[in-house]
Amino acid sequence: MEFGERPLVRAKGAILAHSHRLASGRIRKGRRLDADDIAALEAEGIDRAIVAVPGPDDLDEDTAAAAIARAIVADPGAAGLRVTEASTGRVNLYATGPGVLRLDAGAIHRLNLLDPMVTLATLPPFARVAAGTMVATIKIISYAVPGRSVAEGARIAAGAVAVAPVVLSDATLIVTDLGGGPGKGEAAIATRLDRLGMQLSAVRVVPHDAPAIAAALGAVTSDLALILTASATSDARDVGPAGLALAGGALVRFGMPVDPGNLLFYGMRGSVPVIGLPGCARSPALNGADWVLERICCGIEPTAEEIAAMGLGGLLKESPARPHPRAG
């Protein structure tokens, strides 16, 4: 693509790079100049304009953006995405339902290295989304790009963006009581599930000991079990993880490098995921448990290594109600 200032006598068919406001009206940037446009500019004493002239092997910005989008989202229904029409070199991708964003980060990085004029910006990996959330935007920066860049970009980015939908339907909350009542938290947890399209189908209040937790886990019939203990879980042998073990479950991970949220534990009892919630889950504010909960509800069971990797970006906003603030 050629780009620069040209005499109007050589600008017919070129793309106007900057808008011009005339007495007869505005000629917007991005317009292919025709004879009437050139006459209108000349009538105002303008004899030169900055324009872009695509080469024979170039694709215009909308054609290029649409081609990249089709490769990224070949089947919108399967990907859980809605793809907009290309306009001014841009195509937006929107979630069609609740879930978490699945990305091929390596492919997206390679696409963005391929040609500076071909770009893809997304929400962070595993971001929670709802119907209508914009998850990504494809933008062709220049008015035209080489067809080879588009073809290679489409190959690289094929299937790189999708929404993993929620696959669980309900959860049971097990709350332990040390004698002062179960405390708050049910409403915040129900809200978390509701925004995923799930139900809190049962709440069980039990004594703060491992056998009671184990018995409650044995009675769970929902897709997910959540445990909120009256006192913070401070060790993998504490009553919450011990109750999971007594119930025949297996601990996947105790503790996580996300703050708030350090004192989470997570395991499985048969096919049922079990999440031991940190005390900060009593608040609706974002904490590490949200990242684990959201993935599990979408059928993505994080490994211990994946939970460990959440430390990058894991310093979250601190709640003002926190009993032991970071800064003392």
Given the convex hull over the Cα atoms of the stretch 58-165, what projected area results after averaging over all orientations, in nm²? 5.5 nm²
Semi-axes of the chain's equivalent ellipsoid from the Cα gyration tensor, sqrt of 5 times each eigenvalue, largest first, rounded to whole Å? 56, 19, 16
What shape does the stretch 98-225 have by the C-alpha gyration tensor, where a ≥ b ≥ c are the square roots of the eigenvalues, rounded means a/c under 1.5, and otherwise prolate means a/b greater than b/c and oblate the rest? prolate
What the 10 Å binned alpha carbon P(r) of the stretch 1-70 shows, as percent of pairs per bin from 0, is 20, 49, 22, 8, 0
Enter the angle in degrees (range 0 to 90, nearest 10) between the Cα long axis of helix 105-114 and the first principal axis of the Cα atoms of the chain, meaning the one along which they spread out most. 20 degrees
Tell me the Rg and the Dmax, in Å, that the Cα atoms of the stretch 170-311 produce. 13.3, 37
Which value results when the Cα radius of gyration for the stretch 1-118 is divided by 2.2 N^0.38 Å? 1.40
Among L22, L244, L196, which one shows the biggest mean-square fluctuation in a GNM of the chain, springs joining Cα atoms closer than 10 Å? L22
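Tell me what the chain gives for mean residue ellipticity at 222 nm when only DSSP H runs of n ≥ 4 count, each as -39,500 (n - 2.57), the sum divided by the residue total, rounded to 500 deg cm²/dmol.
Value at 222 nm, helices only, nearest 500: -7500 deg cm²/dmol.
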DSSP loop (so not H, G, I, E, B), at most 15 other Cβ within 10 Å: list which trypsin sites (Lys or Arg not before Pro) in the stretch 239-328 pass both filters. K317, R326
Intensity falloff of the stretch 148-198 expressed as log10 I(q)/I(0), Debye formula with alpha-carbon point scatterers, at q = 0.32, 0.33 Å⁻¹: -1.17, -1.19
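Give me the percent of DSSP beta bridges within the chain that run antiparallel, rounded to the nearest 5.
Beta bridges within the chain, antiparallel portion: roughly 70 percent.
Taken together, the values in this text are just the output of simple stated rules run on the coordinates, not laboratory data. Note that the structure is predicted; figures quoted are calculated from it, not measured. Here Cβ is always computed from backbone atoms with ideal geometry, including for glycine, and neighbour counts include all displayed protein chains.
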